[in-house]
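Chemist: My structure is below; once you've seen it, I'll send some questions.
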Amino acid sequence: MKRKAGAILAAVLLAGLALYGYNEATAQTVLLIYDYKTNEIYVETPAKEGDQLFFGWVHSWEKIPWHEYYHITAGGDLVLDTIAFPAFGAGIPENKGKKTWIEDGMIYMGDIGQVFHEFTWINSHFATRDIRLNGMLIARGQDLPEHTRVNLAIRKRRAFDGKRKP
């Protein structure tokens, strides 16, 4: 009787490990934009290490365009590489990153290396502009709910996630 129970337990453990291995092997990394409070997903698109994220918005006080350039790490973090804007003003850093240059009327600050596990903002149809992954438009402020707190994060999606929570 003990042998039979041991064999059943071993079979269950092997099946569980096989399912876990399958689940890990089929996991896909995705970029999500979702509601901070309700977890409702607004955007879900495949993403991977090395992908480039562009986040464009309008500065709330100066009313000038602000561009942020990130890359995605193997661990799913977002690393801020470069920012760009046309002029200095309130709340705009004078020396972020390791190098600064001017190109096509924009001031660039690069080699920043600031790491974000995710980021949160209050969406505005006016202020949030383009969000692009590898140059492809994935969302605009006008596509997301107005005056809503939203998150952008990189997550693993497994075959058997069940509930669709970020």
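Chemist: Suppose R0 equals 22 Å. What FRET efficiency, 1/(1 + (r/R0)^6) with r the Cβ-Cβ distance, do Met106 and Thr45 give to the nearest 0.05?
Modeler: That pair, Met106 with Thr45, gives E of 0.25.
Chemist: Which shape class, rounded, prolate or oblate, goes with the stretch 29-157 when its Cα gyration tensor gives a ≥ b ≥ c as root eigenvalues, a/c under 1.5 marks rounded, and past that a/b bigger than b/c marks prolate?
Modeler: oblate
Chemist: How do the peptides 28-34, 116-122, 136-142 rank, highest first, by the average count of neighbouring beta carbon atoms within 10 Å per residue?
Modeler: Packing proxy ranking, top to bottom: 28-34, 136-142, 116-122.
Values in this text are rule-based calculations from the coordinates and carry no lab data. What you are looking at is a predicted structure, and each value in this text was computed from that prediction instead of being measured. All Cβ positions, even for glycine, are placed from backbone atoms using ideal geometry, and neighbour counts span all protein chains on display.
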